[in-house]
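Just so you know, all these numbers are worked out from the coordinates, no wet-lab data involved. Bear in mind that the values here come from a model prediction, so they are computed numbers and not experimental data. Cβ sites come from the backbone with ideal geometry, for glycine too, and all protein chains shown count toward neighbours.
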Amino acid sequence: MVQAAPPAPVPSSAPGADRVRTDRTEPPERLREKRRADRRRRLTVLAFLSPWIIGFLVFTLYPIVNSLYWSFTVKRYGTPARWVGLANYELLFTNDDLLTSLGNTAYLAIFGMPVRIGIALLAASLLVRPRRGNGVYRVMFYVPSIVPAVASGALFFFLLKEGGPLSGLFNLFGAEAPLWFQDPRWAKPALIMVGTWALGDLMLILLAGLVDIPTSLYEAAELDGAGRWARFRHVTLPMISPVIFFVVLTGLIGVLQSFDQAYVFSQGAREGRLTGEPGGSLLTYAMLQLRLFQDGRIGFASAMAWVMFLITFVITMIMLATRRRWVHTANEEWA
Amino acid sequence: MSRSRRLLGVVGRHSVLIGLAVIFALPFFFMLLQSVTPIAEAKTSVLWPSSFDLGNYAEVFDRVPLARYIRNTLLVCALVVTGTIVSCVPVAYAFSHLRWRGRGVVFVLVLSTMMLPFQVLFVSQYEIFSNLGWLNTILPLVVPSFFADAFSIFLLRQFFLTLPAETLDAARADGASEFQVLTRIVVPMAKPGIMAVAIFQFLFAWSDFFGPNIYLSDEENLTLAVGLVRLNTAAARLGESNLTMAASVIFVMPLIVVFFFAQKVFIEGVTLTGTKG
């Protein structure tokens, strides 16, 4: 409600006290003025909110309703949608490409995230206590994460290519580098490598969490004779677990929507339709959705988008429901 | 014993840090090196070129309309930043310093739109822009930013909430309208926060590939991100990674420069929100 001045007190014995109180106590011209002021305030709020209201209606709500409807139809741009019920969703779970893309995305989440989080945690824990030179290291670890995904994709495409710098380094040690972009077994590890290079954001978030751990806990552990590993295992990990929970959750959602670097790699490996070369090994969920859109299969693409939302939603719910199991809280009552 | 163990710890810590730092810096090193490697050697697998050739930078401007890409990208960035600030500042003000019924509920609605994957929205947005005849123009990339995105509203609100309400009330008591309070008091006081949002939006618009990739098609309309991907694909066929790397340096350098000027904003922003925008 738009703020209103408190009504003037009215003696309960006054005639008409059961009616709207201000009617009696204020002269009509003041009352009118107040109403006008109220309306003006309401209009001010509306005017200030209007960019968001219009944007929400046009660019969010309308598209949501549309794509939800289209997901139950066969739809191409420029033609009316034809209702097919759940057919798109049924097709989704029997479609080979879709299962491949889900598999690839799960692979990237299961193998990529622990590597990323592990190395980010290692870097952060080495930088948590104030030491000279920390600033330089922090900048060096962070800068790769401001490189746009397509640029780091192009960069690693060059670094890892046959005869590129990395294979040169392999040769120095008398080893043979894998053919990252021809061998379906090695394409996803290459993708994980780029993602790991860009772990700066993650490191900063973990660092902020580590800084908050009271040093007294470490001192107490040390007095108890806990070594480096024991302190990490029994102090750092439990104390940092809420932050890890957060980065795992946002990381999972991010993997589901990611495709920039996979796009650069696979188009470099073989230009053309988004098939996730080599051999479908880079076909991520978001890439397949984009392909369906580009092929003009709008109903199917909409269904895929909503399944993506559903997966995000379910993952979030499962993680929140099981939060207590892997997030340490000082007092379980308050968890 | 304890001293030698501590020394071992210091040495161990530094060797891990230096090792990691080298691994993180090497890609940049090879990017710069390859960008000045003569074309003849770029096609072979030599690690260190016999001479440096800055001509790659000129060559890449000849090969693709890079000047156009830069111009388009800057235009998109400028409009996205302007649109975001102009639209999000009043909205964030209404969510922080105006009182109205339902404010809490509506704010939760704003935040919940951040949960929606972009994939759910763009399929239908594409049809809207197509009907408006905006395909192959930058309009679909910049017009939505004039209608307040949830992330920037959230960030600006956080900054606005730190401003003392008494100062604003004093101005109101002096007869200032809400618009005047916003433009004369809140905006000047919240400049660092507004700068932070502007920088995040710049970063996002400069780096974005998804939107430009689906909306722009003609060569001369592309942004740097899309141009780079196309160049990379073509260069992969021809083995001209020196050109891709020269273009990458041009693409990445401005961001690194911005980072060094606004380091504090970056680091605080990332830890504040957990994302980069």
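Computed from phi, the 3J(HN,Hα) profile of the range B:142-150 under the Karplus parametrisation 6.51, -1.76, 1.60 (θ = phi - 60°) reads 10, 4, x, 6, 7, 10, 6, 8, 4 Hz, with x in place of Gly and Pro. Across chain B, Cα-Cα distances exceeding 35 Å account for 37% of all pairs. Computed 3J(HN,Hα) for the range B:188-194, one whole-Hz value per residue from the Karplus formula 6.51 cos²θ - 1.76 cosθ + 1.60 where θ = phi - 60°, is x, 6, 9, 3, x, x, 5, glycine and proline marked x.
A viscosity of 1.002 mPa s and a temperature of 20 °C, combined with the Kirkwood radius over Cα pairs in Stokes-Einstein, give a translational diffusion coefficient for the protein assembly as shown of 79 µm²/s. The largest-to-smallest principal axis extents of the Cα set in the range A:21-70 are 58, 20, 10 Å.
Identify, among A:60, A:103, B:222, the residue whose Cα sits farthest towards the positive end of the charge dipole of the protein assembly as shown, taking +1 on the Cβ of Lys and Arg and -1 on the Cβ of Asp and Glu, with the dipole about the Cα centre. So the residue furthest toward the plus end is A:60. For residue A:73, the residues whose amide H sits under 5 Å from its own are A:84, ignoring neighbours fewer than 5 places away on the same chain, with H placed 1.01 Å from N. Its residue count N fixes a reference of 2.2 N^0.38 Å for the range A:90-334, and the Cα radius of gyration divided by that reference is 1.17.
Compare the Cα positions of A:81, A:142, A:268 along the charge dipole of chain A (+1 at Cβ of Lys, Arg; -1 at Cβ of Asp, Glu; about the Cα centre) and return the one farthest towards the positive end. Of the options given, the answer is A:81. Taking 1.306 mPa s as the viscosity and 10 °C as the temperature, the Stokes-Einstein diffusion coefficient of the range A:271-334 based on its alpha-carbon Kirkwood radius rounds to 110 µm²/s. Built from the Cα atoms of the range B:196-277, the convex hull projects on average onto 6.3 nm², one quarter of its surface area. Ellipticity at 222 nm from helices only: DSSP H runs of n ≥ 4 in chain B, each -39500 (n - 2.57), divided by the residue count, give -23000 deg cm²/dmol. When the Gaussian network model of chain A links Cα atoms closer than 10 Å, the mean-square fluctuations of A:139, A:307, A:194 top out at A:139. Between B:55, B:19, B:227, the Gaussian network model of chain B with springs among Cα atoms under 10 angstrom shows the greatest mean-square fluctuation at B:19. Label-to-label distance, residue A:183 versus residue B:219, with points set 7 angstrom from Cα along the beta-carbon direction: 3.8 nm. Taking the helices alone, chain A has a mean residue ellipticity at 222 nm of -19500 deg cm²/dmol, built from -39,500 (n - 2.57) per DSSP H run of at least 4 residues and averaged over all its residues. Each part gets one Cα centre, and for the range A:191-268 versus the range B:24-55 those centres are 34 Å apart. Sparsely packed loop sites in the range B:1-100 (the chymotrypsin sites (Phe, Trp or Tyr not before Pro) outside DSSP H, G, I, E and B with at most 15 other Cβ atoms within 10 Å) comprise B:52. Peptide packing for B:242-255, B:114-127 was compared via the average number of neighbouring C-beta atoms within 10 Å per residue; ordered from the highest value, the list is B:242-255, B:114-127.
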